[in-house]
Amino acid sequence: MVDVVALGEPLIQFNSFTLGPLRFVNYFEKHIAGSELNFCIAVIRNHLSCGLIARVGNDEFGRNIIEYSRSQGVDVSQIKIDDSFTGIYFVQRGYPIPLKSELIYYRKGSAGSKLSPEDVNEDYVRTAKLVHSTGITLAISESAKDAVFKAFELAKMRSFDTNIRPKLWTPEKARETILKLLGKYDIEVLITDPDDTKILLGITDPDEAYRKYKELGVKTLLYKLGAKGAVVFKDNLKAFKEAYKVPVEDPTGAGDAMAGTFISLYLQGKDLEYALHHGIVASTLVVMVRGDNEMTPTTEDAERFLKEF
Ligand code: ADP
Ligand code: CKP
Ligand code: MG
Ligand code: MG
């Protein structure tokens, strides 16, 4: 039994050691990532337990993901070994947009994309406080999408990060599928941003977005504004926190660190501002390095950051 369950595809990340187009990059640094795994690690750093429902390949990378996840405290009992290969991707940094990264995936047909409803253990999901997934899992395959719907059906409470990846599906398909999910299930915390909201609702204004998402059954909205910071809404409460100005090495994974940190503290009954501030701290540390989850702080380390920085 775990506090939080996440469903998604863990991936091997090859992060460019130097900036620029991949064809000129000679060295890559390996990291373990994937949005929902990053999220789980952030939940755990904030002292709740978390398990990942996923598949990895029967290969060295699959074993690497399981061993790394276990070493970070993730409950790996629901990670299955599949005969397909483990998905990988490369991170191209700082080109053509300075301070931004581009993800180049080699994941079509991967073990992770074979995730299916039969992988969703009913007791495991039912007993968790909250079930989390993202638009990435909805996009990678029909069976993975069905797994998310099944888990959300069984869940006591749900959080969802829209994470629309234009390389994985069209905006039309993303809108149709995500709106179907939001229409069907009440979402305790929705994590999204203006780009995704433009695709989903045709608007970007945070207050207007909250009104519309609320009509769809969203209770709390965590609205990320990239280098500007983030804003959170719940009932009549609204809190904004500016991002910190720090050197950016690779922003990949910042949203997941923020989401997992926020949810973990939210579930522990911390107030919105406390959870938001800790989410901002986690994402700040993550953008400063290559790798999506190594820098995600514990609650105590984030408190030190807030006092001393
Ligand atoms: P995602 O990684 O999901 O795309 P964002 O890009 O909105 O999410 O980033 C999430 C959080 O990470 C932001 O709210 C902010 O706190 C932090 N962040 C992102 N980009 C920067 C940046 N360039 N400088 C400082 N903080 C950043
Ligand atoms: O939205 P974020 O930058 O926080 O997400 C990053 C993750 O799963 C990254 O680990 C990558 O593997 C992915 O999103 C993805 O599939 O794009
Ligand atoms: Mg971003
Ligand atoms: Mg994101």
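The table below gives the values:
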| read-out | value |
| --- | --- |
| Residue under evaluation Leu138, criteria (1) under 18 Å from the mean Cα position of the chain (by Cα); (2) assigned to a helix (DSSP H, G or I); (3) surrounded by fewer than 22 Cβ atoms within 10 Å (Cβ to Cβ), criterion not met | (3) |
| In the range 129-160, the residues that are of a type in the set (Lys, Arg) and more than 13 Å from Ala54 (Cα to Cα) | Lys129, Lys150, Lys156, Arg158 |
| Cross-chain or 6+ apart pairs with Cβ under 8 Å, the range 237-251 first and within 8 Å of ligand 1 (Cβ to nearest atom), then in a loop (DSSP other than H, G, I, E, B) | Ala243/Leu225; Tyr244/Phe309; Val246/Met288; Val248/Leu99; Val248/Met288; Pro251/Leu99; Pro251/Lys100 |
| Residues (without any contact (Cβ under 8 Å) to a residue 12 or more places away in the chain and within 25 Å of Gly87 (Cα to Cα)) located in the range 109-125 | Glu118 |
| Failed condition for Leu201, given (1) in contact with a helix residue (DSSP H, G or I) (Cβ under 6 Å, 6 or more places away or on another chain); (2) within 15 Å of ligand 3 (Cβ to nearest atom) | (2) |
| Test: Asp161 is within 16 Å of ligand 3 (Cβ to nearest atom), modelled with pLDDT of 95 or more and under 26 Å from Val131 (Cβ atoms) | yes |
| Residues being over 21 Å from Ser159 (Cα atoms) and either of a type in the set (S, T, N, Q) or within 16 Å of the chain's Cα centre (by Cα) (or both) - total across the range 32-58 | 2 |
| Residues satisfying the stated conditions in the range 76-103, i.e. in a loop (DSSP other than H, G, I, E, B), touching a Leu at 6+ places or on another chain (Cβ under 6 Å) and either crowded, with 19+ Cβ neighbours inside 10 Å or of a type in the set (Asp, Glu) (or both) | Gly87 |
| Test: residue in the range 290-300 that is within 30 Å of Pro98 (Cβ to Cβ), in contact with an Asp or Glu (Cβ under 9 Å, 6 or more places away or on another chain), within 14 Å of ligand 3 (Cβ to nearest atom) and at pLDDT 95 or above | yes |
| Scope the range 233-289; condition in a loop (DSSP other than H, G, I, E, B) and either touching a Gly at 6+ places or on another chain (Cβ under 6 Å) or within 12 Å of ligand 3 (Cβ to nearest atom) (or both); matching residues | Ala243, Val248, Asp250, Pro251, Thr252, Gly253 |
| Sole exception among (1) within 9 Å of ligand 1 (Cβ to nearest atom); (2) more than 19 Å from the chain's Cα centre (by Cα); (3) in contact (Cβ under 8 Å) with a residue 12 or more places away in the chain for Pro206, by number | (1) |
| Sole residue being on the phi < 0 side of the Ramachandran plot, crowded, with 23+ Cβ neighbours inside 10 Å, more than 15 Å from the chain's Cα centre (by Cα) and within 15 Å of ligand 2 (Cβ to nearest atom), chosen from Ala144, Ala174, Ala128 | Ala144 |
| The range 80-108, residues that are in contact (Cβ under 8 Å) with a residue 60 or more places away in the chain, under 22 Å from Glu67 (Cα atoms) and either in contact with a helix residue (DSSP H, G or I) (Cβ under 6 Å, 6 or more places away or on another chain) or of a type in the set (A, V, I, L, M, F, W, C) (or both) | Thr86, Gly87, Ile88, Phe90 |
| Test: Asp256 is within 15 Å of Thr162 (Cβ to Cβ) and within 14 Å of ligand 4 (Cβ to nearest atom) | yes |
| Qualifying residue in the range 263-270 (condition: within 18 Å of Ser159 (Cα to Cα), within 16 Å of ligand 2 (Cβ to nearest atom) and at pLDDT 95 or above) | yes |
| Members of the range 56-75 that are more than 17 Å from Glu29 (Cβ to Cβ), of a type in the set (Val, Ile, Thr) and assigned to a helix (DSSP H, G or I) | Ile66 |
| From Ala144, Ala128, residue being touching a helix residue (DSSP H, G or I) at 6+ places or on another chain (Cβ under 6 Å) and either part of a loop (DSSP other than H, G, I, E, B) or touching a residue at least 60 places away in the same chain (Cβ under 8 Å) (or both) | Ala144 |
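The values are calculated or read from the model by the stated rules, or taken from the named source; none is laboratory data. Nothing here was measured: the structure is a model prediction, and the numbers come from that model. No Cβ is skipped: glycine too gets one built from the backbone with ideal geometry, and neighbour counts run over all protein chains shown.
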